[in-house]
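Structure first, commentary second.
The values are calculated or read from the model by the stated rules, or taken from the named source; none is laboratory data. Given the structure is predicted, the values throughout are model-derived calculations rather than measurements. Don't worry about glycine lacking a Cβ; one is built from the backbone with ideal geometry, like all the others, and counts go over all protein chains shown. To get the accessible areas, we keep the full protein, side chains included, count just its heavy atoms, and leave off ligands, DNA and RNA. Shrake-Rupley method; radii C 1.70, N 1.55, O 1.52, S 1.80 Å.
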Amino acid sequence: MSDRSAVLPQYLFPKQALTNFAGWVAGKERGAVTTWIIRRFVAKYGVDMGEALESDIQHYKSFNEFFTRALKPGVRPLAQADLVCPVDGAVSQFGAIEGDQIFQAKGHNYTTTALVGGDASLAARFAHGSFATLYLSPRDYHRIHMPCDGRLLRMIHVPGDLFSVNPTTARGVPGLFARNERVVCVFDTARGPFVLVLVGATIVGSMATVWHGVVNPPRGGELREWHYADQQQIVLRKGEEMGRFLLGSTVVMLFPAPPLAFNPEWAPTRAVRLGEAMANFAEL
């Protein structure tokens with residue numbers, strides 16, 4: 001079966017209703033039922049609870065509490081690199097931005113402008129720069145951390161579809177990551193701007209940031225934007241938590257030119273861990 005045929009049912013599923021229902025279920029506190037659901041999930045996906053700050057699944061009152069569990073201090077040391085991996089997950093794609101084109105999968109590209117919600121002037125700052133797309137599977141740790149020090153400038157909530165973001169869907173749905181609902185976070189750094197995008201997906205109940213809390217829901221049809229440059233400065237250090245998914249998804253990062261020197265061990269589908277070396281800046 002081709003990838004396009006495999007994803008055809010997703011065009012027909014009531015993805016919004018399914019996502020809303022999943023979010024409602026995941027937020028409920030149901031005692032022994034919640035513990036049973038978590039235990040089944042841990043067994044099915046092979047979740048390593050030994051790394052969790054709270055390893056006893058009976059501790060978690062809701063599935064969301066379990067899914068956004070914290071890690072024990074020290075289990076994800078930061079590598080000596082300019083940019084570290086912000087999540088546990090797997091590499092989807094990474095490399096150079098060709099003009100304004102980001103590579104999604106064989107036969108599929110999308111534009112930086114589409115990814116950031118239509119702001120061409122923001123997208124232009126990343127022309128001929130670099131991108132990295134990282135997929136978080138259900139078994140992964142689902143908090144997102146900073147790849148480098150950054151000062152928050154803007155946050156944009158872009159409404160969109162709720163397709164799955166697994167590798168098959170990435171190969172089968174054109175423009176997937178610029179088509180799904182997403183939260184675009186714009187930071188300034190000592191080496192210029194970077195963008196970190198949280199991409200929503202089917203049954204991703206919500207996305208949250210440490211400075212705002214839950215961004216969605218609500219899920220309206222209007223783009224929403226927040227500006228922080230003129231407010232009290234929000235500065236996050238390399239390795240600090242910046243957000244989380246309530247059920248799993250994907251992050252996309254954009255960096256300006258010149259292109260980054262990525263970790264030579266990285267390759268599509270390779271597993272990655274929070275804090276490992278992602279890339280170094282090119283010499284100016």
task: Collect the residues in segment 228-259 that are crowded, with 20+ Cβ neighbours inside 10 Å, at pLDDT 95 or above and touching a His at 6+ places or on another chain (Cβ under 7 Å), keeping them in residue-number order.
output: Met242
- prompt: Do you know which residues across segment 69-106 are touching a residue at least 40 places away in the same chain (Cβ under 8 Å) and out of contact with any strand residue (DSSP E or B) (no Cβ under 9 Å at 6 or more places or on another chain)?
  reply: Pro77, Lys106
- prompt: Could you give every pair whose Cβ atoms fall below 7 Å, whose first residue belongs to segment 269-284 and is open to solvent by 70 Å² or more (accessible area, probe 1.4 Å), and whose second residue is not in a strand (DSSP E or B), counting only separations of at least 6 or pairs across chains?
  reply: Arg273/Arg76; Arg273/Cys85; Arg273/Asp88
message: Regarding segment 161-169, can at least one residue be identified that is modelled with pLDDT of 90 or more, touching a strand residue (DSSP E or B) at 6+ places or on another chain (Cβ under 7 Å) and buried (at least 17 other Cβ atoms within 10 Å of the Cβ)?
response: no
- prompt: Only one of Gly129, Gly118, Gly150 is at positive phi and either acidic (Asp, Glu) or in contact with a strand residue (DSSP E or B) (Cβ under 9 Å, 6 or more places away or on another chain) (or both); which?
  reply: Gly118
